[in-house]
1. Looking at the square roots a ≥ b ≥ c of the eigenvalues of the Cα gyration tensor of segment 75-227, which shape do they give, rounded for a/c under 1.5, prolate if a/b is larger than b/c, or oblate?
2. Over the chain, average the accessible area per residue using a 1.4 Å probe and give it in Å², no decimals.
3. How many percent of the accessible area of the chain is carbon or sulfur, using a 1.4 Å probe?
4. Using only the alpha-carbon atoms, how far is helix 392-408 inclined from the longest principal axis of the chain? Give it as 0 to 90 degrees, nearest 10.
5. Out of residues 5 or more away from C136 or on other chains, whose amide H comes under 5 Å of its own, with H placed 1.01 Å from N in the peptide plane?
6. List the trypsin sites (Lys or Arg not before Pro) within segment 331-393 that fall in a DSSP loop (any state other than H, G, I, E or B) and whose Cβ has at most 14 other Cβ atoms within 10 Å.
7. What does the net charge come to around N426 if you take all other residues with beta carbon closer than 11 Å to its beta carbon, with K and R at +1 and D and E at -1?
8. Hey, rough spin-label estimate for E357 and V287, points 7 angstrom out along Cα→Cβ, what's it come to in nanometres?
Amino acid sequence: MFHLYDGLLALVVWLLLVPRELAAVAGGRSTLDRLAERLGRPPRRLGRGGRLLVVHAVSVGEMAAAAALVRHWAERHTADRFVLTAGNRDGLAAGERLAADLPAVVAVAPLPWDRRRALRRWLQALAPDLVVGIECEVWPRLFLGCRELGIPLALASARLYSRDVARYRLLPAFFRQVLAAADWIGAQSAAERTRWCAIGAPPERVEVVGNLKYDTPTPAPSGQAPRKPAGALWIVAASTHPGEERRLLQALADLPATSGTTQLMLAPRHPRRAAAIVRWARRAGFVAQTLAESERGAAAGEAPAKVVVVDRFGWLPAAIAVADLVVLGGTFVRHGGHNPLEAARGGRALLVGPHSENFADVMSELRAAGALCEVAAASGLTAALADLLRDPQERRRLGERAAAMAAAGSCVERYAARLERLLARN
């Protein structure tokens, strides 16, 4: 099975991934240096100092969780250095932002494609004291390379989508060997621990510690807070997907007059869709603008738009900071939802649709705390919005309970202690 894995991966790398990266280089979206890193070239400048830790987080959400751990560790072990790796451009950009703010991060690079010899050379060149994967990062050759070279390997804030368990169990012997290479796995919850053990992780190495996203610092807004007219109520729809924006625009149009003066800020998961969403909103009869257009209008003294669509990354914290109500994207289509903790930490009332299974454990805790307004079907969106907009006390109650629940979930100190113990054993 390992020979088959290596052969198939080689075909994928040379026939698909390398040509795709070369096309990105030709289009100015990547560089030859980035391609070299994908093929296994290690970062060139690692500095000198204490221990070197490699932390891998595939994308933006995982990198935010990694940031909580890295910041906490750097405050207590000032000589230690970090190499952050990611699986996509958004994750790398988030890692670069952390590196700019934290001198302990000496390099940010993509994780090389999971080829045996390339990963082994990469690990030998870096010689890290510890490798930590954040959430669900199972790369067979990375795991086995760490074991062969005697490098401690851990997973922190580990999670598995329940739908993926059956796929892993199609190759039980293969994944038992891969997961046996992990020295320790810190799971987000008891349910997650059960899933990891079900796909072959040694039960004695899997411990329930918590979700690092509870410790994710609220990012500084990358822009000014939007202009909020006196008496207006802001609905912020966070990380929306195709189909949800139309539902939200229809719900906004159907709100009764008793809901007051409302404005909608749509923050699509992929900001490149912003211009298309603005066109839909205008065809539906709304005064709609992208965020950039709204900022120019504010500078010129124009009246604010009814619908504003965020067209850049990093601006959502500013929107949430002034929101009266946050609608969680990905829950009104069959996507499974996104992380609700940013809104919860901000003390905002949170409205969630019927599809929130991607964060089932967090949703369960919010539900138990009475900090969540859930809609059983997308058809109930308008009524739920109207009820919450008319009831400021209910919005305040939901927000306060969500903030308290988020504060109680802190686990970064426990992760740091377990990883320190793992380092001490080696």
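The values are calculated or read from the model by the stated rules, or taken from the named source; none is laboratory data. Small disclaimer: the values here were computed from a predicted structure and weren't measured. Backbone-built Cβ (ideal geometry, glycine too); neighbour counts: all protein chains shown. What goes into the accessible areas is simple: the full protein's heavy atoms, side chains included, and nothing from ligands, DNA or RNA. Shrake-Rupley method; radii C 1.70, N 1.55, O 1.52, S 1.80 Å.
1. oblate
2. Per-residue value: 44 Å².
3. 53 percent
4. Computed tilt is about 10 degrees.
5. R159
6. The qualifying sites are R334.
7. For residues surrounding N426, the net value is +1.
8. 4.3 nm
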